[in-house]
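K.L.:
Quick one: structure below, then a few questions.
The values are calculated or read from the model by the stated rules, or taken from the named source; none is laboratory data. Nothing here was measured: the structure is a model prediction, and the numbers come from that model. We place every Cβ from the backbone using ideal geometry, glycine too, and count neighbours over all the protein chains shown. Heavy atoms of the whole protein, side chains included, go into the accessibility calculation; ligands, DNA and RNA do not. Shrake-Rupley method; radii C 1.70, N 1.55, O 1.52, S 1.80 Å.
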Amino acid sequence: MQGVERADRELLDAHALVGHLVPAGSVFAFLAEHRQDVFPDGEFEDLFPSGRGRPSIPASVMASVLVLQTLHDYSDRETADAARCDLRWKVATGMSLDHKGFDASTLVYWRKRLAASDRPHRINDAVKDVIEQTGILRGRRKRAVDSTILADAVATQDTVTQLIAAIRRVARQVPGAAERIAQVCTGHDYSQPGKPRIDWDDPQAKDALVSALVNDAGALVAVLTEAELEGDAEVAVALLALVAGQDVEPAEGSDGTDGRWRIARRVAPDRVISTVDPDARHTRKSPENRRDGYRAHVAAEPETGIITDEKLTKAAGTKNSDPAVAEEFLDAEDDPCEWYGDSAYGTGDLRGAIDDTDADEAVIKPKPVQAPVEGGFTVDDFTVDEHAGTVSCPAGNTRPISQKNRVATFGALCRDCPLRARCTKSKTGRKIVLHQRDDLLRQARRDWADKPELREKYRKFRPNVERVISQIASIGGRRLKLRYRGATKNHAWLTRRTAVLNLRNLVGRGLSRTAGVWVLAGSAA
């Protein structure tokens, strides 16, 4: 059953005895005074529908603990220790000085209950209610978007490790699979963890092992294909099939039918990097800077730093890209906004989504256009007539735009063109590929060049979101590393992280409660 805080204070109440030691204006001091106002017990009653059993830790206390844990980036064990030994935590959560705290598993218990509920992000929702009451965003219609990569909580696995781990996972999660593995998988003893003992410096030995593992994986998937699987068992078999194909290719001189395989001389675009956390992905900030993990996206009001939306996604994939998630943020806003973003957000799709609202405005740095020849003609030197469906080149040649893929091919017209050396190096001539919203992309580049006030607005407001990103992704100069597995659990963490950062922002602005309403310093009637 749900526990509730006592109305009367205990003899050794930490707030009464040492509350004066907690710095005023800190999140600790704020929670000491207002945790029950921000996180009332009634908002958590649905987590304990039976009404029977031992009373839980009061919801206002546990919500405050989760807030402080996320703020300080503590593990569950570190959080339990802090609640037992740190006076600031005892004051913030209403515990007595001699309170023994709770076991670290209690935090897992509460997170699971929240995740399984109809409102898994209610801590974030509670802070959003506070933000709305203060009116800090009233009339502020600027939104800056950005993202950052957060390292995952697992080690990246190589192909051999993944294949063995995936087969062992099938053995654990699929009923009867262990017997099938013993029958059809002969390339390795899968009852033993770890890599086989081979000469890893010998390419032939390595290819032979990869071939054996891939063939074992294929044989196991084949015998389990007709089985009626569901839940974890179905996921385990699907994951095995995926890792068996993503990193390998037929060996030299083979088409794969003879069972000879090798590690592929390429990188799969959406490669699973760990069977322990199948949602984690590779990504790159540059050709030299590879990162593994997840991508945290945020939208923030740049003048106040208040985070208005957030989403954690896989680090790779078109639907997880910066502009794709920004479209989701756009759809979630009830009122028109000015959207600020760097060139990663300067796609035709996002500009089109903003333009289609007839009210929102894009203050987004355009993506630079590249010339095939250094110092030569770019796509902006070609004239597009959408009405006529044609493209004219700098030499005056005109070609139709194909309806299927919006490509204008100049081909043979480039052969004797006097401007060819400045236009293309292709033997088959220049091709112009146009986005469906090419008109918006061209207009954005013209506006960026012709309107200094647009660039000034960008320089003034867009960089502010980088401060928000830094607060999300680091603490005390240390880059944060995610503590959970899977996009769902890590998204839940991100919502708590943005909630506590918003709450700290408001507390710093003098957040208080007057006549049952949240107000900021200087805004009370």
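K.L.:
Which net charge results for the neighbourhood of R84, defined as the other residues with beta-carbon distances under 9 angstrom from its beta-carbon, given Lys and Arg at +1 and Asp and Glu at -1?
P.N.:
Here the charged neighbours net out to 0.
K.L.:
Suppose every K and R has +1 on its Cβ and every D and E has -1 on its Cβ; what is the size of the dipole of the stretch 327-451 about the Cα centre, in Debye to the nearest 20?
P.N.:
Roughly 1660 debye, rounded to the nearest 20.
K.L.:
With charges only on Cβ, +1 for K and R and -1 for D and E, what is the dipole size of the stretch 477-522 about its Cα centre, in debye, rounded to 20?
P.N.:
For this selection, approximately 420 debye.
K.L.:
Any chance you could look up the accessible area of D322 with a 1.4 Å probe, heavy atoms only, rounded to 10 Å²?
P.N.:
Around 20 Å² of this residue is reachable by solvent.
K.L.:
Given only helices, namely DSSP H runs of n ≥ 4 each adding -39500 (n - 2.57), what is the per-residue ellipticity at 222 nm of the chain, to the nearest 500 deg cm²/dmol? All intermediate terms of the calculation are to be shown ahead of the outcome.
P.N.:
Working: 17 runs with 209 residues, N = 525.
The helix-only estimate for the chain comes to -12500 deg cm²/dmol at 222 nm.
K.L.:
Which log10 I(q)/I(0) values does the stretch 201-350 give at q = 0.12 Å⁻¹ under the Debye formula, counting every alpha carbon as one identical point scatterer?
P.N.:
-0.72
K.L.:
Now for a different question. As an exercise, identify the GluC sites (Glu not before Pro) in the stretch 255-335 lying in DSSP coil whose Cβ has no more than 10 other Cβ atoms within 10 Å.
P.N.:
Numbers: sites: E288, E303, E310, E327, E328, E333; in loops: E288, E303, E333.
Qualifying residues, ordered by number: E288.
K.L.:
Here is a further query. Distance from the Cα centre of the stretch 113-147 to that of the stretch 33-54, in angstrom?
P.N.:
20
K.L.:
Still on this structure: For I263, I469, what's the largest-to-smallest order of accessible area, 1.4 Å probe?
P.N.:
Ranked list, largest accessible area first: I263, I469.
K.L.:
Shape verdict for the stretch 5-157, please, from the Cα gyration tensor: rounded (a/c under 1.5), prolate (a/b greater than b/c) or oblate.
P.N.:
On the way: a/c = 1.38, a/b = 1.22, b/c = 1.13.
Cα axes put the stretch 5-157 in the rounded bin.
K.L.:
How high is the FRET efficiency from E234 to N397, r the C-beta distance, R0 45 Å, rounded to 0.05?
P.N.:
The computed FRET efficiency comes out at 0.20.
K.L.:
I want to check the label-to-label distance for A16 and L87. Put each point 7 Å from Cα in the C-beta direction and report it in nm to one decimal.
P.N.:
Here the modelled spin labels are 1.7 nm apart.
K.L.:
Over the chain, give the accessible area per residue in Å² for a 1.4 Å probe, as an integer.
P.N.:
Accessible area per residue: 51 Å².
K.L.:
All other residues with a Cβ under 11 Å from the Cβ of L71 taken together, and with Lys, Arg as +1 and Asp, Glu as -1, what is their net charge?
P.N.:
+2
K.L.:
Working from the pairwise distances between different alpha carbons, so that the mean of 1/r is found and then inverted, what is the stretch 333-415's Kirkwood radius in Å? Walk me through the intermediate numbers first.
P.N.:
Values: mean 1/r = 0.0653 Å⁻¹.
Mean inverse Cα-Cα distance, inverted, gives 15.3 Å.
K.L.:
Counting pairwise Cα distances across the stretch 50-110, what percent come out greater than 14 angstrom?
P.N.:
It works out to 53 percent of all Cα pairs.
K.L.:
Which of C185, I149, A171 sits farthest toward the positive end of the charge dipole of the stretch 129-185, with +1 on the Cβ of Lys and Arg and -1 on the Cβ of Asp and Glu?
P.N.:
It is I149.
K.L.:
For E338, project a label point 7 Å along Cα to C-beta. Then give me every residue of the stretch 456-492 with its amide nitrogen under 16 Å of that point.
P.N.:
Output list for this probe position: 456-465.
K.L.:
Work out the length of the dipole vector of the stretch 111-189 about its Cα centre, built from +1 on the beta-carbon of each Lys and Arg and -1 on the beta-carbon of each Asp and Glu, and round it to the nearest 20 debye.
P.N.:
That gives a dipole near 560 debye.
K.L.:
Then there is this: Once neighbouring chains are kept in place and the probe is 1.4 Å, which whole percent of the accessible area of the stretch 314-387 is contributed by carbon and sulfur?
P.N.:
Reported share for carbon and sulfur atoms: 42 percent.
K.L.:
Same structure again: Greater than 23 Å separation of Cα atoms is the criterion. Which listed pairs, K365/K460; K319/K431; K319/K367, meet it?
P.N.:
K319/K431
K.L.:
For R168, what charge total do you get from the other residues with a beta carbon under 15 Å from its beta carbon, if Lys and Arg give +1 and Asp and Glu give -1?
P.N.:
0
K.L.:
Could you tell me how far the Cα centroid of the stretch 494-515 sits from the Cα centroid of the stretch 372-386, in Å?
P.N.:
50
K.L.:
Of the heavy-atom accessible surface of the stretch 396-487 (probe 1.4 angstrom), what whole percent is carbon and sulfur?
P.N.:
On the way: 2910 of 5920 Å².
Result for the stretch 396-487: 49 percent of the exposed heavy-atom area is carbon or sulfur.
K.L.:
At most 12 other C-beta atoms within 10 Å and a DSSP loop state: those are the exposed trypsin sites (Lys or Arg not before Pro) I care about. Give me the longest piece of the chain that has none. It would help to have the intermediate numbers written out before the result.
P.N.:
Numbers: sites that count: R6, R52, K100, R138, R197, R265, R266, K285, K404, R415, K425, K427.
Answer from the scan: 286-403.
K.L.:
Something else now. Could you tell me what fraction of 2.2 N^0.38 Å the Cα radius of gyration of the chain comes to, as a two-decimal ratio? List each step's numbers first, then the result.
P.N.:
On the way: Rg = 28.9 Å, N = 525, 2.2 N^0.38 = 23.8 Å.
Ratio of Rg to 2.2 N^0.38 Å for the chain: 1.22.
K.L.:
Hey, another quick one. Measuring from a point 7 Å past the Cα of D331 along Cα-to-C-beta, which residues in the stretch 342-364 have an amide N at less than 20 Å?
P.N.:
From the stretch 342-364, the list is 345-362.
K.L.:
Same structure again: Using label points projected 7 Å from each Cα along Cα→Cβ, tell me how many nm separate D450 and A24, to one decimal.
P.N.:
5.7
K.L.:
At 1.4 Å probe size, put I475, I131 in order of accessible surface, largest to smallest. Please list the in-between numbers first.
P.N.:
Working: I475 45, I131 15 Å².
Largest accessible area first, the list is I475, I131.
K.L.:
Hey, any idea what the orientation-averaged projected area of the convex hull of the stretch 273-408's Cα atoms comes to, in nm²?
P.N.:
About 12.4 nm², averaged over all directions.
K.L.:
Calculate the FRET efficiency for A116 and R415 from the Cβ-Cβ distance with a Förster distance of 60 Å, rounded to the nearest 0.05.
P.N.:
That pair, A116 with R415, gives E of 0.35.
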